[in-house]
Amino acid sequence: MMKKTLLSFSLLLSSFCYANAQTTRVNFMHNSSDQSLMSLDIYINGVRAVHHLNYHFSNPTVNVPAMFPVNIGIALGGSGSGNDTFYNLNTTLLPPNGYTMVLNGIESTSGYSPLTPFRIDVFNQAREISNFPTNTDILFINGSTDAPILDVRSGITTLADNIAFGNYSSDYISFPSSDTLFRLTNSTGANTIRTLNAPFNTLNYDGKAGVLLTSGFMDPSANSNGPAFGVWLAPASGGPFVRLVSTDGEDIARTQFINNCADTVADTVDIYMDGKLVADDLRFRTATPFMDMFAQTPVTFDVAARNNTSNADGF
């Protein structure tokens, strides 16, 4: 009798825990350019949660159990059950975090170079709206399997640094909700791969959040003639991605400073551009890396000796 009572209590407690389990919100984004994966089903603990998520679409956020181990399974669109999954991610989600999960990579065993395996790339501080109603909050991810390590730059500001395939920017970038130019470069900034216009104002992205993804292939001929490389804006609210349009490059100059002054007063200097420190403690016979500066625009440089407090100390 005691064993039956304890068993009944255990089952009741288990049922209570799951019935009152916490959930967290998850947004899936289909960015796998594998031509065999143009539509996918997503299973949560064996139950289909997203049906026919098409390539370059994100789904409206779904509630997923938190604090308990959860299995996320990926199957071809139109699958019969959770037994049809070809990829599974076992994880534990933690509230109150929201999650963005981007489906990237290649499931096919041939026809792609490099043959980068399919994966789910997870960001655990996802936003559904921007932190300020007049801004647009954007997260970056490199989702192109044959793209190099990328920087995302706008003007002389590096928005996201050294993003390898499957990696996100460290956090969201908050933009005024206006149409914004930015460029993709190699990891040093020396080579601009593409300059693009992000039409936040045109798309009415005030107060919204989204993800900018690189997608497709830089060399389609080596990747089953799949879609060409591009940059897409994925809405956190769900729906089709928006492809960004390439545009003329920004007026940017690449500049390097070299300290060749043997005077001991200036054997270590700071350099300011329009009052902003751009080179700190530059020693005699050393050089800075090349850096971005605005071209075709008047600027003022100040050079100050060590232990200065501002550009006002420039000599």
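The values are calculated or read from the model by the stated rules, or taken from the named source; none is laboratory data. Computed from a predicted structure; not experimentally measured. Here Cβ is always computed from backbone atoms with ideal geometry, including for glycine, and neighbour counts include all displayed protein chains. For the accessible areas, the whole protein counts, side chains as well, though only heavy atoms, and no ligand, DNA or RNA atoms are used. Shrake-Rupley method; radii C 1.70, N 1.55, O 1.52, S 1.80 Å.
Of all alpha-carbon pairs in the stretch 173-271, indicate the percentage at a distance above 15 angstrom.
I get 72 percent for the Cα pairs in the stretch 173-271 exceeding 15 Å.
If I fit a long axis through the Cα atoms of helix 2-19 and take the longest principal axis of the Cα atoms of the chain, what angle between them do I get, 0 to 90°, rounded to 10?
Long axis of 2-19 versus the principal axis of the chain: about 40 degrees.
Please compute the modelled spin-label separation between Ser81 and Val47, points set 7 Å along Cα→Cβ, answer in nm with one decimal.
1.6 nm
Report the label-to-label distance for Met38 and Thr188 in nanometres (one decimal), using points 7 Å from each Cα along the Cα→Cβ vector.
Result: 4.1 nm between the two label points.
Solvent-accessible area per residue for the chain at a 1.4 Å probe radius, Å²? Display every interim value, and only then the final one.
Details: 15760 Å² over 315 residues.
Here the residues of the chain average 50 Å² of exposed surface.
For the stretch 252-289, list residues with backbone N below 16 Å from a point placed 7 Å from the Cα of Asp313 toward its Cβ?
Residues 265-273, 275-283 qualify, since their backbone N sits under 16 Å from the label point.
Expressed as a fraction of 2.2 N^0.38 Å, the rule-of-thumb size for a compact globular protein of N residues, what is the C-alpha radius of gyration of the chain?
Details: Rg = 25.0 Å, N = 315, 2.2 N^0.38 = 19.6 Å.
Here the answer is 1.28, to two decimals.
Would you mind calculating the relative contact order of the stretch 216-279 from Cα pairs under 8 angstrom and at least 6 residues apart, reporting the percent as a whole number?
Working: 46 pairs, mean separation 9.7, N = 64.
Value for the stretch 216-279: 15 percent.
Kindly identify the stretch 118-171 as rounded, prolate or oblate by the Cα gyration tensor criterion: order the square roots of the eigenvalues as a ≥ b ≥ c, call it rounded if a/c is under 1.5, otherwise compare a/b with b/c, prolate if a/b is larger, else oblate.
Oblate, since a/c reaches 1.5 and b/c is not below a/b.
Would any residue of the stretch 216-251 have its amide N under 20 Å from a label point 7 Å out along Cα→Cβ of Ser174? List them or say none.
236-237
When only Cα pairs under 8 Å and 6 or more residues apart are kept, what is the percent relative contact order across the chain?
Result for the chain is 14 percent.
Using a simple charge model, +1 on the beta-carbon of Lys and Arg, -1 on the beta-carbon of Asp and Glu, nothing else, what dipole does the stretch 22-176 show about its Cα centre, in debye to the nearest 20?
The calculated dipole for the stretch 22-176 is roughly 260 debye.
Go through the stretch 273-290 residue by residue and turn each phi into a ³J(HN,Hα) via Karplus (6.51, -1.76, 1.60, θ = phi - 60°); whole Hz please, and just put x for glycine and proline.
Here the 3J(HN,Hα) series is 10, 6, x, 9, 5, 10, 9, 10, 6, 7, 8, 4, 6, 10, 9, 7, x, 5 Hz.
So, counting K/R as plus one and D/E as minus one, what does the shell of residues with Cβ under 11 Å around Ser246 add up to?
Around Ser246, the charge tally is +2.
Can you compute 3J(HN,Hα) from phi for each residue in the stretch 101-114, using the Karplus curve 6.51 cos²θ - 1.76 cosθ + 1.60 with θ = phi - 60°, rounded to whole Hz and x for Gly and Pro?
So the Karplus estimates, Gly and Pro as x, are 10, 9, 8, 10, x, 10, 8, 4, 9, 7, x, 9, 9, x Hz.
Relative contact order for the stretch 98-220: what is it in percent, counting Cα pairs under 8 Å that are at least 6 residues apart?
29 percent
Separation between the Ala222 and Ser237 pseudo-spin-labels, each 7 Å from Cα along Cα→Cβ, expressed in nm?
Label at Ala222, label at Ser237, 4.0 nm between them.
Report the semi-axes of the equivalent ellipsoid for the stretch 128-236 in whole Å, largest first, where each axis is √(5λ) for an eigenvalue λ of the Cα gyration tensor.
24, 15, 12
In terms of the Cα gyration tensor, with a ≥ b ≥ c the square roots of its eigenvalues, is the stretch 70-213 rounded because a/c is under 1.5, prolate because a/b exceeds b/c, or oblate?
Oblate is the answer for the stretch 70-213, as a/c is 1.5 or above yet b/c matches or exceeds a/b.
Quick check on packing: order 169-179, 95-105 by the mean number of other C-beta atoms within 10 Å, highest mean leading.
In descending order of packing, they fall as 95-105, 169-179.
For the stretch 157-315, with only Lys/Arg (+1) and Asp/Glu (-1) charged at the beta-carbon, what is the dipole magnitude about the Cα centre, in debye rounded to 20?
Charge dipole, the stretch 157-315, about its Cα centre: 480 debye, nearest 20.
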